[in-house]
Amino acid sequence: MSTDVLSEHILKEILGNRPFQYYLQVGSTNDLARRWALDGAMPGSVVIADEQLEGRGRLGRHWQTPSRQAVAMSIILRPVIGSGHLQRVAALGSVAVAEALTLFVPREIISLKWPNDVLMDGRKVSGILTEALWDGMQLTGIILGIGINVRVDFSATPLADVATSIEDHAPAMVQRHLLVRHVLERVDIWQARINQPLLLATWREWLSTLGHSVTITTQHGVVSGTAQDVDEDGALLVSSPDGRIHRVLVGDVSL
Ligand code: BTN
């Protein structure tokens, strides 16, 4: 029978020279990564935890990372991008996770919901939270926080209809160190292409939101219509029945 052990020792073997910090329990890996980045961590350095007590999601939400059931990781990136293109980091994170997940489940059941939820059979398996570091007007780094449900049981919870775990869909036990390695490999590849049109093209291919009727809750109100496309900045372009195109940069989509 296979087992799933995530430990400093295994991560050292699998991550080679990549600087990493591993913790059994943290508040939020994004907070530790931010501190490490401010102390000068190299790009690609990663903080990984078995359990988060104060995991943070988008739009101020809580994110669960129960011990031994999930992956919580925060990667320190130092991309050279325009300030209008920050959303690309989240896009590359969600594309990287989607690609890494194809090693465990069929590609057909994986999709992305704008802006960066990773879905399996239409339910959320992974979320991305990016946080930028600034020195005045200068972008000095971005923390790419990734949470992936591996075997969290949502069945008796209010999230049963909207959340899922990889092992609900995979034929075998998922070894989290392999998942971490594959995600990091894909992040490395895409962060080197952050300014290339291929990233946006690949993001579009994974986005199941495009072509569908959506209702989006934004800070400025609710936008309803058909999701047509994403633009260079990662904004969602929604056409409303009166023919107007709405450009939404931050929001929460329901289909
Ligand atoms: C979301 O979909 O709302 C984003 C969830 C992001 C969760 C990850 S887990 C690792 C990192 N640390 C955090 O506190 N949050 C992110």
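List of remarks:
- Helices (runs of 4 or more DSSP H) enclosed by segment 6-112 - at least 1 residues per element that are within 13 Å of the ligand (Cβ to nearest atom): 29-38, 87-101
- Figure legend. Inter-residue proximity from segment 74-86: first residues in the same structural domain as Asp188 (by TED's automatic domain parsing) and closer than 16 Å to Leu199 by Cα, second residues surrounded by 12 or more Cβ atoms within 10 Å (Cβ to Cβ) and among the basic types (Lys, Arg), beta-carbon distance below 9 Å, spacing 6+ or different chains. Indicated pairs: Pro79/Arg88; Ile81/Arg88.
- Test result for Ser126, assigned by TED's automatic domain parsing to the domain that holds Ala33, within 18 Å of Trp63 (Cα to Cα) and near the ligand (Cβ under 9 Å from one of its atoms): yes
- Val214, sole failed condition from (1) within 16 Å of the chain's Cα centre (by Cα); (2) open to solvent by less than 60 Å² (accessible area, probe 1.4 Å): (1)
- For segment 135-155, a tally of residues being open to solvent by 100 Å² or more (accessible area, probe 1.4 Å) and either modelled with pLDDT under 95 or within 13 Å of the ligand (Cβ to nearest atom) (or both) returns 3.
The values are calculated or read from the model by the stated rules, or taken from the named source; none is laboratory data. On a predicted model such as this, the values are computed, not experimentally measured, just so you know. Here Cβ is always computed from backbone atoms with ideal geometry, including for glycine, and neighbour counts include all displayed protein chains. These area figures cover heavy atoms from the full protein model, side chains too; ligands, DNA and RNA do not enter into them. Shrake-Rupley method; radii C 1.70, N 1.55, O 1.52, S 1.80 Å.
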